[in-house]
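Heads up, the thing below is written out as structure tokens.
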Amino acid sequence: MTDPAVESRFDADAFLTWEAQQPEKHEYVGGEAFAMVGARREHVVVSGNFFAAFKERLRGGACQAYVSDLKLRVEAADAFFYPDVMVSCDRGDQSATLFVTHPVLIVEVLSESTEAFDRGDKFAAYRSLDSLQEYVLVDIPARRVEVFRRTPERDWLFHEYLAGCGDCVFPALGISVPFDAVFENVNPPAEAAGVDDGEPAGG
């Protein structure tokens with residue numbers, strides 16, 4: 001997470017009023033607002049792949065998938081976040097307007113600027129949500145999907161999906177998504193393509 005977008009501090013209600021007047025999105029933690037940085041193409045593609053897969057598999061059921069334009073309220077952390085993808089099966093969330101509060105699964109696609117926060121303080125905040133059963137991190141350069149699952153004892157177990165694994169399984173939703181579908185339309189890793197961060201080799 002970067003420096004606060006504004007110097008003054010908000011309470012949660014004031015933040016919602018203020019952000020509604022801003023041209024860009026902000027996350028909010030402990031009274032401070034943080035401007036969100038634009039995502040790379042691959043980040044948007046992977047988020048869209050997850051959302052599309054969840055939407056298709058959950059159609060007609062009690063759960064609904066949401067993309068990053070909808071806020072998540074984490075009251076215990078005094079925070080609002082914009083997860084890349086989240087799924088809620090809560091009836092109250094399905095009638096919400098500004099934010100949801102009871103996700104069962106959250107997906108964050110990692111980037112260099114957000115990885116430490118997504119793995120650290122943000123995950124700590126998410127763990128305070130009693131509804132959350134699975135936290136999914138996607139590492140695009142490594143072609144890796146990491147899933148943290150909450151046990152009945154409220155511990156978190158780690159499961160890793162790599163290329164060739166077949167399906168990524170999400171027991172909290174009772175569905176699976178092919179690994180290849182997660183990375184559909186994502187460029188091959190730079191080292192395999194012979195390029196460096198999108199620049200032509202030798203350019």
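FYI, it's all coordinate maths here, none of it is from the lab. Note that this is a predicted model, so its numbers are computed, not measured. In this analysis, Cβ positions are derived from the backbone assuming ideal geometry, glycine residues included, and neighbour counts consider all displayed protein chains.
Can you pull out the trypsin sites (Lys or Arg not before Pro) in region 98-154 that DSSP calls coil and that have at most 10 other Cβ atoms within 10 Å? Loop-located and lightly packed - Arg154. Pair-distance distribution P(r) for region 107-147, from all Cα-Cα distances in 5 Å bins starting at 0: 6, 23, 33, 23, 11, 4, 0 percent. Packing here is the average count of other Cβ atoms within 10 Å per residue, and on that basis the peptides 156-168, 25-37, highest first, run 25-37, 156-168.
Compactness ratio for the chain: Cα radius of gyration over 2.2 N^0.38 Å (N = residue count) comes to 1.05.
The magnitude of the dipole of the chain, with charges of +1 and -1 set on the Cβ of Lys/Arg and Asp/Glu and taken from the Cα centre, is near 720 debye.
Near Asn187, no amide H atom lies under 5 Å from its own; only residues 5 or more places off or on other chains count, and H is placed 1.01 Å from N. Applying a DSSP loop filter and a limit of 16 other Cβ atoms within 10 Å to the trypsin sites (Lys or Arg not before Pro) in region 34-114 leaves Arg40, Arg59. Between Ala76 and Ala20, the modelled labels are 2.9 nm apart [label points 7 Å from Cα along Cα→Cβ].
Where both bridge residues fall in region 83-139, DSSP classifies roughly 45% of the beta bridges as antiparallel.
Taking the Cβ-Cβ separation of Leu162 and Ser111 as r and a Förster radius of 22 Å, what is the calculated FRET efficiency to the nearest 0.05?
So the FRET efficiency works out to roughly 0.65.
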